[in-house]
Structures are given as structure tokens and as C-alpha cells.
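So the structure is just underneath, and the comments pick up after that.
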Amino acid sequence: MSAYRDGDKVVVMLPSRLSKAEEEQWIATILERLAEKERRRRPTDADLQARACELSRRYLGGRVEPVSVRWVGNQRSRWGSCTPDDGTIRLSTRLRGMPSWVVDYVLVHELAHLIVPGHGPGFWELVANYPKAERARGYLEGVAAAANLPLEAEDEELREVAG
């Protein structure tokens, strides 16, 4: 049994041996599982806010709690941004649908900026507390390369520090 999206439609594949009642039951179950999976992959602003607070607690010792975290559609060359002065974080809608550990990395990155505004060694030490930081950076670099997007300025800064 499986299901997938084909545009606006959901295609559900079931074995032919099922009764009509079993088909209806499985379709309802599969559709609910698919909806839950999509909710996890496309969190709301409120979900992002709650997740950011949890990530701050887990990886940054609870040192920061953003005032707001929200999706924005106007970031073409960044995955996220923050304003340390007012404690706001914005994530590019291009992240929607990416694995949750990638979104978590961007949240940790922006949370770390609420503690250390620049990209110096102290900043990267904070980001390194997230165990999938390097994996997520590689994932985002791959997405950027596949889409012919420029590397972010912070990536260039990191290369200068590492090089």
C-alpha cells in the first residue's frame, strides 16, 4: 500500500484483494498519514516558533528565545535571516518541504546570530552544537548548486576562515 501526490491529486495504491470497507479504511488511514507527513514538512509560523525555542533549549542552553519566527517569500539568496536588535527570525519559503533536520539547522544558525551577530569562530562553535550542521550545510550547498544559486556570503566567509 502506498500513496503519493500527482499535482493536486493523491494517488493511493492498494491490493485488489481488499473489500470495499477495507479499501475505505485504508484510504482514510493513508490520507491521514500523508497529511501528517506534509504538516511536518511544511510547518506553520507557530510551529517554527515552537521549534526554534526547543532547538535553543537543546543546542544553545536556552540562551535565546526569538520574539518571532516566520516564513518569508522575499529571500532569493539566503535560507534565513535574523535581526538581533528585535529578536526576529525569517526563513525562506524555499526551505518548505526540505527535510526537518535541514530546517532545524537554519533555525539553529539564525538562533546563534541572536547570540553572536557575525560569522566569527564563536558563532560557528554555537552552530556546531547542532549534530547535523555539516550534513545540512552540504545539503543546502547541493540544492544551491543544482539551482545555479550563488553561495551565500556566509559560505564565502567560512571558506576564507577554513582556507
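The values are calculated or read from the model by the stated rules, or taken from the named source; none is laboratory data. The model shown is predicted, which means the values in this text are computed figures rather than measured ones. Reconstructed Cβ throughout: ideal geometry from the backbone, glycine too, with neighbour counts over all protein chains shown. SASA here: full protein model, heavy atoms, side chains in, ligands and nucleic acids out. Shrake-Rupley method; radii C 1.70, N 1.55, O 1.52, S 1.80 Å.
Quick rundown of the values:
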| quantity | calculated |
| --- | --- |
| Within-13-Å neighbourhood charge of residue 12 [Cβ basis; K, R +1; D, E -1] | -2 |
| Per residue solvent-accessible surface (Å²) - the stretch 15-138, probe of 1.4 Å | 55 Å² |
| Mean-position separation - Cα centroids, the stretch 83-144 and the stretch 1-60, in angstrom | 25 Å |
| DSSP bridge orientation in the chain - percent antiparallel, rounded to nearest 5 | 65 percent |
| For the chain, the spread of Cα positions along each principal axis, largest first, Å | 62, 34, 28 |
| ³J(HN,Hα) computed for each position of the stretch 62-74 - Karplus, 6.51 cos²θ - 1.76 cosθ + 1.60, integer Hz, glycine/proline x | x, 5, 9, 9, x, 5, 8, 9, 8, 7, 9, x, 9 |
| Accessible surface of the chain [probe 1.4 Å, protein heavy atoms]: carbon and sulfur percent | 50 percent |
| Using θ = phi - 60° and Karplus 6.51 cos²θ - 1.76 cosθ + 1.60, couplings along the stretch 80-95 (whole Hz; Gly, Pro as x) | x, 8, 9, 10, x, 4, 10, x, 9, 10, 10, 10, 5, 5, 5, 7 |
| Local electrostatic count at residue 1 - Lys and Arg +1, Asp and Glu -1, tallied over other residues with Cβ under 11 Å | -1 |
| Equivalent ellipsoid dimensions for the stretch 23-80 as semi-axes, Å, which come from the Cα gyration tensor, largest first | 31, 17, 8 |
